[in-house]
Structure formats: structure tokens, C-alpha cells
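Report on the structure given below.
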Amino acid sequence: MVRRSGFYLPAERFSESNILCAVHPISKLSPFAINFSTRMRKYIKKVRLFTALALMLNLMSTSFVRADFLYAITFDEELLSINPATGAGTLIGMLDTSMNGLGLSSRGEAIYTFDQNADRLRRLDPATGHTLTTIDIGIATMGEGSIAFRDDGIGFMTRSMSSTGILWSFDPDIPSSTMVGPMDICIDGLGFNAGGLLYGLSQTSCELYIIDQTNADVTLVGPTGDTSQTFLGGLTFASDGTLYAALNDTLYTLNPDTGAANLIGPIGYDNVSGLTATTPAPSAVLLCALGAGLVNWLRRRKKL
């Protein structure tokens, strides 16, 4: 039993409406209390529903819009899309000029390669392979190497000669470049992980290294298990932390703690010289379409 204004209510009548009526003893059930209680319940329902819809929209945009795209470039002047599940490459388009593209790396949604023939950084159209921008960063290359961009937009490039090389940093916005230091190994693949560590693949030993960005010192992570000794290739981290490597025209994943390679499959194109993953921003058109669909669904509900 619950006491109300000097007398008791049965427990089964202990409800939200009766609680409100308890402070209005002038009537058995106050119209104001009923109105207020009903409107409050509807308001709470709306808040919960809109919160759920917002979470749903966020999950849908993350799942369907922000999936990684994997790209590769070849010495045959081709830009490829790569299926990360099978390794199979698909031709996007031919490059505008002969570049012998030294590596491939993404900077936001943009992708770049270094044209070894012209000694210029090229921004490529990911939909066609055409050159969008050409930038002189003041580096002349000799031999093999790679490029990679850090999260702050600063790029790094390796230039390899025989079994040694040089590490450079560069800023395409100024543009300018600085020699970081000499390297006692030949690096033919660069990639940054989410924590900002710079990884590199040795061209002569197919081993995975971590590279000091201040002095070019290298620390061995471990062998990939590829025994071919020399290769063209590339290295890139996906947004989920997966480390992909192109070794001798074949796609692998590498263990970033040990270097061990796991075969995915042949790319199907020769002379793959660079690899990069991009995570495009959510499309405004798609997000609007998702939002419109949810609003329409909301309107068709009989009750909120």
C-alpha cells in the first residue's frame, strides 16, 4: 500500500499518473497531470528515437563510406586498384608520361608518386591516373626508393644506390626538402602506422625495418620470409592497422611486430613499384540520402 493525502492506494495503482495526482488532491485525476505526463513520455520517446537514428547514421557512414581503397603503381606507367582480399589488380588508367614512379603514398584523399624521370612530385587523379599537380621539392633521385606521408602532411623519401641509401623529408606545400641522413641499407617501401612510426622494406634482403625520422637510423623488425633478395614493391598501412606489402608483384600482409609475410595473392601486373591505402571522407550526397531515408522512415511511424 502507498499513502496518498491521508489515505492509502493499492500497490498496483502506484503509477506515474497517480504520483502526479497525489500532489493534486482536489480531483481524483488532474487533467494537468495527465497532459504533462503524456507530453513528457512522448518527448522522451522522441529523444531516444533521434539518438538511436543518429547512432545508426554514424555507423552506416563509417561502415559503408569509409572503407579503405588500395592503390598500386607500376614501372609500366599504370595506376591500379587492388582487391585487398585476393590481391588482384584492376587497371584504373595509364599515367600521362613516363615516370618510373618511385613509390605511391596518400596524403588525405590525394595520392602522390615521385617522377624519377623529371625529378618532380606528382599528384595523381585516383579515378583516372592523370596528373593533377606537379611539384618541385628539390630532390634528384638515383636508383630505387619510396615515399610516405606522415599524418601532419610531411613526406619522407628514400633514395637507394646499390645496398645503401638516403632518407629525405619534404613539405609539398612550401615546397622544400631536407636530407635526414644516410642509410646503410637499401629501402624500397615506406609506410607510417597509426602511431607515427615509419616502417621500411629492404630491397636487398626483404626485411622489415623501423626508421628513425630524425637521423635515418634503422632498427630491424624481422624477415618477411621472401628469399628472392631483390624486388620492386611497396608498403602501406590500412586504417585498421593491417600492413600490406607488394613483393615481386604479389600482395602480402606483414606482421608489424615480426615482419613475417602472409600471402594474399598475385596482383596480375608486372613491375609494381608502389602501394598505398586511402580512406575517403564520407560522401555528402550519400550521407544526405541516408538521412532522407531515415527521416522518411520516421514520418511513416504511426507513433513516436
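The values are calculated or read from the model by the stated rules, or taken from the named source; none is laboratory data. Not measured: the values here are computed from a predicted model. Cβ atoms come from the backbone with ideal geometry, glycine included; neighbour counts cover every protein chain shown.
Let me confirm something: among Ile92, Ile111, Ile137, which residue is surrounded by 16 or more Cβ atoms within 10 Å (Cβ to Cβ), farther than 18 Å from Glu78 by Cβ, β-branched (Val, Ile, Thr) and at pLDDT 95 or above?
Being surrounded by 16 or more Cβ atoms within 10 Å (Cβ to Cβ), farther than 18 Å from Glu78 by Cβ, β-branched (Val, Ile, Thr) and at pLDDT 95 or above holds for just one of Ile92, Ile111, Ile137, which is Ile137.
Would you please list the contacts, defined by Cβ atoms under 9 Å and residues six or more apart or on different chains, that run from a residue in region 157-172 that is over 18 Å from Asp212 (Cα atoms) and free of Cβ contacts under 8 Å to residues at least 40 places away in the same chain to a residue that is of a type in the set (Ser, Thr, Tyr) and in a loop (DSSP other than H, G, I, E, B)?
Sorted first by the residue in region 157-172, then by its partner, the pairs are Ser162/Thr204.
I'd like the full set of residues that are closer than 11 Å to Arg150 by Cβ, of a type in the set (A, V, I, L, M, F, W, C) and surrounded by fewer than 18 Cβ atoms within 10 Å (Cβ to Cβ), limited to region 195-222.
If the condition is that a residue be closer than 11 Å to Arg150 by Cβ, of a type in the set (A, V, I, L, M, F, W, C) and surrounded by fewer than 18 Cβ atoms within 10 Å (Cβ to Cβ), then Leu197 is the only one that fits.
Hey, can you tell me all the residues within region 185-211 that are without any contact (Cβ under 8 Å) to a residue 40 or more places away in the chain and either touching a strand residue (DSSP E or B) at 6+ places or on another chain (Cβ under 7 Å) or closer than 12 Å to Gly233 by Cβ (or both)?
Ile185, Leu197, Ser202, Tyr209, Ile210, listed by residue number.
Take region 114-124 and flag every residue that is assigned to a loop (DSSP other than H, G, I, E, B) and buried (at least 16 other Cβ atoms within 10 Å of the Cβ).
If the condition is that a residue be assigned to a loop (DSSP other than H, G, I, E, B) and buried (at least 16 other Cβ atoms within 10 Å of the Cβ), then Gln116 is the only one that fits.
Report, by residue number, each residue of region 77-113 that is outside any strand (DSSP E or B) and either aliphatic (A, V, I, L, M) or under 14 Å from Ile267 (Cα atoms) (or both).
Correct list: Asn83, Pro84, Ala85, Thr86, Gly87, Ala88, Leu95, Met99.
Does Gly143 fit the bill of being surrounded by fewer than 20 Cβ atoms within 10 Å (Cβ to Cβ) and either aromatic (Phe, Trp, Tyr) or assigned to a loop (DSSP other than H, G, I, E, B) (or both)?
yes
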